[in-house]
């Protein structure tokens, strides 16, 4: 017995360096972790508090106007910005989902395994490109091309509700939406790809054995099973689109009136904050902070919905 | 169809008829399947075109701009007599390096430690933190700019300064680092921890000498991704760093940054300044791609090891 306990205390000295172990002692390390926890929560709380508190005067004075007013000069109407945010991000989402769903399906099912890794890498690289670069590309490369070819083409299709190509100047809601769609595409594709690959192989094989074609397997088995996760991916992409700033600020033209024609310049909440901040008085900044609160509500709401969808998909697949 | 079952018809005729029905449907189903498959592959090609177009355009127009002067000189404003007088972007390069360095000093310790905390504790405070980290990771980056402006520029009285911009970037980086660290620490096999504890090592010793070294490459990957995101972000620093046409780097000085130079020069009336933009974009793109490949390499090496 004694030799054993000597052995153990030798081992212990070797491991913990001689000091007596105690299970109740709180080490410096756990205090350090606790401190980091506190710092992060403090900063997060300050984040919400400082933006909201700076905007309080606006919410007290004119809570209705900031939401529905149509002119920024004077009473600070935020409706054009809110409308523009919805227009650009929803159009971008429609474009990105249309292309992205097909792309994700073909990455998982239709292309050879050798190409799969390369395309997945390319999609991830696209996600890593800074948004300002998409903005520059949209403004200096895409915009002249669209002005010369794309607007007249849409005009020739008779889509007059978009506006007239002769009066377009380049920056427009349509251009910003296309740039946004290119930006959110990689996010949507990479999450959709994960969700689709997680569909159990048994289900796919079962429907193949019943004689279904490859498209029938996808439309009748894979997509219904992955539906909720794909919704989650779409909402995550939407959240990114609503908050995007510089790429939109460069390509939308930032004009603060209500704009229904997509060939003409408009504005969004984030791009308006970015371009109006420089020349703002302290009262203007209160109104911009109020716009920031609106943006916070929209984008955090959308990303909350997306997280809920993705969690539900996980739970559902765990059951299958 | 009822006479199919009449004895008058032979089995062979029956089989032939069924096969015919099946084939009729099968042909049209196959055609539809193939059409939709080709549409899907077309969608994939369309999705990849932007990267090709973007890289092509930026390399083509960016490479001629990258001269020694681009990296070493201060920016100059073109005028009518000298429309090609653009100088370089050394101020933005120095400013970006300073901003990211300060932001890393602030965010890496907090992010890594909080990530370890959430991974190793399964209580209410850990899940509160996880919720906060996910919320902050989803918040638009322009709000970080508003936050830093309100808190650091105004409340703390630093005005437009590198410290305000790097604070905004740090707020952006911390959630990324927390999430990456948490995943990396969680992936450390439980048996390693138990082996350490069985030898009598205290929890903090196990965490520092066993868990951290094993999770290190995952944590480093997270930090690299956070840094590469911070370098390219313009929105958080747009109205916090003030901009400077000198080689400023001190925390309290106003500084410039590469994405801000792009943002301002892209809207310039001078074609020579708009040309410079592609050079800056190329520098950013190369940096981000290198960071991305390093991160993938580290992840791949870790996966091979375990």
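What follows draws every value from the coordinates through simple rules; no lab data is involved. What you see is a predicted model, and the numbers here were worked out from it, not measured in a lab. All Cβ positions, even for glycine, are placed from backbone atoms using ideal geometry, and neighbour counts span all protein chains on display.
Placing a label point 7 Å from the Cα of residue A:304 along the Cα-to-Cβ direction, the residues of the range B:116-133 whose backbone N falls under 14 Å of that point are B:131-132.
The value given for the range B:257-299 is a Kirkwood hydrodynamic radius of 11.4 Å, derived from the mean inverse Cα-Cα separation. Structural descriptor for chain A: relative contact order 26 percent, calculated from alpha carbon pairs under 8 angstrom and at least 6 residues apart.
According to the square roots a ≥ b ≥ c of the eigenvalues of the Cα gyration tensor, what is the shape class of the protein assembly as shown, taking rounded for a/c under 1.5, prolate for a/b larger than b/c otherwise, and oblate for the remainder? It is oblate, given that a/c is not under 1.5 and a/b is not larger than b/c.
Spatially, the range B:172-251 and the range A:193-269 are offset by 30 Å when compared through their Cα centroids.
Here is how the number arises for chain B: DSSP H runs of 4 or more residues each give -39500 (n - 2.57), the sum is divided by the residue count, and the result at 222 nm is -24000 deg cm²/dmol.
What Kirkwood radius, in Å to one decimal, follows from the Cα pairs of chain A?
Evaluated on chain A, it is 23.4 Å.
Rounded to whole Å, the principal axis extents of the Cα atoms in the range B:198-272 read 70, 26, 18, largest first.
Under 1.5 on a/c is rounded, so check that first for chain B, then, if it is not, pick prolate when a/b is larger than b/c and oblate when it is not; a ≥ b ≥ c are the square roots of the alpha carbon gyration tensor eigenvalues. Because a/c hits 1.5 or more and a/b fails to exceed b/c, chain B counts as oblate. Label sites at residue A:118 and residue B:268, each approximated as a point 7 angstrom past Cα along Cα to Cβ, lie 3.8 nm apart. Compute the Cα gyration tensor for the range B:28-106, then decide on rounded, prolate or oblate, letting a ≥ b ≥ c be the square roots of its eigenvalues: rounded whenever a/c is under 1.5, prolate when a/b is larger than b/c in the other cases, and oblate in all that remain. Because a/c hits 1.5 or more and a/b fails to exceed b/c, the range B:28-106 counts as oblate.
Over chain B, Cα pairs under 8 Å with separation of 6+ residues give a relative contact order of 24 percent. For the range B:87-213, the relative contact order comes to 33 percent (Cα pairs under 8 Å, sequence separation of at least 6).
Here each label is just a point 7 Å from Cα along the line to Cβ, and for residue B:186 and residue A:156 those points are 5.4 nm apart.
What per residue convex hull volume, in Å³, comes out for the range B:150-220 when only alpha-carbon positions are used?
Residue-normalised Cα hull volume stands at 104 Å³.
Simple spin-label estimate for residue B:121 and residue B:38 gives 6.0 nm between the two label positions (7 Å along the Cα-to-Cβ direction from each Cα). Once the C-beta distance of residue A:255 and residue A:312 is scaled by a Förster radius of 56 Å, the resulting FRET efficiency is 0.85 to the nearest 0.05.
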